[in-house]
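> Below is one structure. I have some questions about it.
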Amino acid sequence: MKNKRKSYFVSRAIQVKLIMPLIVIILLLGAVICYFFYTWVARTSYTTLMTELELTEFQKNFRITLVLLGFTTLCCSGTIFMTMTLLLHKIAGPLVPIHRFIDELIAGNYDVSDVHLRDKDELKELADKLNTLKGHLKSGPK
């Protein structure tokens, strides 16, 4: 397959800058949910009269629930990370050859090869216009 990328982390700086705040928000949200759940359950368990056996069983189930909440938060963070990486790849991936192409044009090298992107890339139209611009610059002013 022509123009297949080898890595989904094409422009790590851009991708990490956009993905990490979402991951941090999800993790903080999970921590807040666990905290409020913990305080609600702690208040409930201490205000009701429970036997020692009931309290031990309750605490065991409570720990399992907290672990499941934490695991769910981590799974959601991982899913969002992978989804955002794939989505940003469609934008950040084409930026690398476009930047190289523009750098060559700025340096005065109008014989640089055209920018070739996949048809599915979001910036395909921009790359085509840059190739047209290169042709006009190469032919000189009219």
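> So for D103, D111, fewest C-beta neighbours within 10 Å to most, what's the order?
D111, D103
> Note down the nm distance, to one decimal, between modelled labels 7 Å out along Cα→Cβ at L68 and at L22.
Calculated label separation equals 2.7 nm.
> Just going by the charge dipole of the stretch 12-139, with Lys and Arg at +1 and Asp and Glu at -1 on Cβ, which of T56, S113, I26 is farthest out on the positive end?
The Cα lying farthest towards the positive end belongs to S113.
> Note the listed values (1) 46; (2) 32; (3) 55, then indicate which one is percent of Cα pairs over 25 Å apart calculated from this particular structure.
So the structure-derived entry is (3).
> Can I ask one more? For the stretch 16-32, what does the Karplus curve 6.51 cos²θ - 1.76 cosθ + 1.60, with θ = phi - 60°, yield as ³J(HN,Hα) per residue in whole Hz, taken in order and with x for Gly and Pro?
Karplus values, whole Hz, x for Gly and Pro: 5, 4, 8, 7, 4, x, 5, 5, 4, 4, 4, 5, 5, 4, x, 5, 5.
> Listing D128, D119 from the residue with the fewest other Cβ atoms within 10 Å to the one with the most, what is the order?
Result, fewest neighbours first: D119, D128.
> Helix 124-139: angle to the longest alpha-carbon principal axis of the chain, degrees 0 to 90, nearest 10?
With both axes taken from Cα atoms, the answer is about 20 degrees.
> Hey, another quick one. If one takes the longest principal axis of the Cα atoms in the chain, at what angle in degrees, from 0 to 90 and to the nearest 10, does the Cα axis of helix 52-106 lie?
Helix 52-106 sits at roughly 10 degrees to that axis.
> Next up: Taking only DSSP H segments of four or more residues, each worth -39500 (n - 2.57), what value at 222 nm results for the chain once the sum is divided by all its residues, to the nearest 500 deg cm²/dmol?
-27500 deg cm²/dmol
Every read-out reported here was derived from the displayed coordinates using simple, explicitly stated rules and does not represent laboratory data. Since the model is a prediction, treat every value here as computed from it, not as a measurement. Every residue, glycine as well, gets a Cβ built from its backbone with ideal geometry; the counts of neighbours run over all protein chains shown.
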